[in-house]
1. So what are the ³J(HN,Hα) numbers for the stretch 88-94, from phi and the Karplus equation (6.51, -1.76, 1.60; θ = phi - 60°), rounded to whole Hz, Gly and Pro as x?
2. Just list whichever of Lys19/Lys125; Lys50/Lys125; Lys25/Lys64; Lys19/Lys123; Lys50/Lys123; Lys19/Lys45 have alpha carbons separated by over 24 Å in the model shown.
3. When the accessible area of the stretch 1-145 is computed with all protein chains present and a 1.4 Å probe, what percentage of it is carbon and sulfur?
4. What ranking of Met51, Met97 comes out by heavy-atom accessible area, probe 1.4 Å, highest first?
5. What number comes out for accessible area per residue over the stretch 78-140 if the probe is 1.4 Å? Units Å², please.
6. Scan around Ala39 for amide H atoms under 5 Å from its own, H built in the peptide plane at 1.01 Å from N, and keep only partners 5 or more places away or cross-chain.
7. Using a Förster distance of 35 Å, how high is the FRET efficiency between Lys50 and Asn90, based on the Cβ-Cβ distance and rounded to 0.05?
Amino acid sequence: MFALVDCNNFYASCERVFKPRLENKPIAVLSNNDGCIIARSNEAKALGLKMGEPIFKKRDTVYKHNIHLFSSNFALYGDISKRVFDVVTNQVPSYEMYSIDEAFLDFKGIKDPYDFAFQLKKKVKKYVGIPISLVYHIQRLSLKLQVILQKNQEIVYAFLIRKNILIQY
């Protein structure tokens with residue numbers, strides 16, 4: 001059994017770790033020169049901010065909706081990524097990093113994958129402050145697609161199809 005863990009809206013979530021007053025507020029993170037949007041919170045996405053969009057085209061939206069803008073801070077994101085995956089990878093026999101905010105996990109020997117995944121999500125949120133999505137399956141191939149589908153759900157669910165489990169809360 002394999003799993004894919006993906007940090008939700010990672011750069012925006014990192015900014016919230018040290019600024020909890022921004023929970024449920026629209027956030028966008030800008031590129032190195034503050035020219036383009038490179039990350040958005042769900043609230044910013046709902047207001048129409050697009051990935052890669054030049055920020056000057058959205059200045060009216062930013063002011064109208066009080067969207068909080070941040071210059072990218074890759075040192076911070078790297079540090080928080082390490083913290084997230086220190087928690088995650090200490091719980092599994094092996095893993096493979098996929099990107100700064102994603103990793104494939106080996107769920108071999110885990111007796112109750114659903115409960116394990118649910119508890120792991122809670123542990124990462126509690127100890128690091130980052131929300132994660134986690135999906136598992138007997139094959140690695142479909143995991144990336146499943147996590148993309150999971151992130152687009154707005155409700156709490158446990159969805160079961162042929163031993164595929166998707167968890168969101």
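1. 5, 6, 6, 9, 10, x, 7
2. Values: Lys19/Lys125 15 Å; Lys50/Lys125 26 Å; Lys25/Lys64 13 Å; Lys19/Lys123 20 Å; Lys50/Lys123 31 Å; Lys19/Lys45 19 Å.
Long pairs (Cα-Cα over 24 Å): Lys50/Lys125; Lys50/Lys123.
3. The computed percentage sits at 53.
4. Working: Met51 115, Met97 80 Å².
Accessible-area ranking of Met51, Met97, largest first: Met51, Met97.
5. On the way: 3290 Å² over 63 residues.
Averaged over the residues of the stretch 78-140, the accessible area is 52 Å².
6. Residues meeting the criterion, in which the H sits 1.01 Å from N, are Val29.
7. Working: r = 37 Å, r/R0 = 1.05.
Efficiency, from the Cβ-Cβ distance: 0.45.
The values are calculated or read from the model by the stated rules, or taken from the named source; none is laboratory data. Please read all numbers here as calculations on a predicted model, not as lab measurements. Quick reminder, even Gly has a Cβ in these numbers, built from the backbone with ideal geometry, and neighbours come from all protein chains shown. Just so you know, the surface numbers come from the protein's heavy atoms only, side chains and all, with ligands and any DNA or RNA stripped out. Shrake-Rupley method; radii C 1.70, N 1.55, O 1.52, S 1.80 Å.
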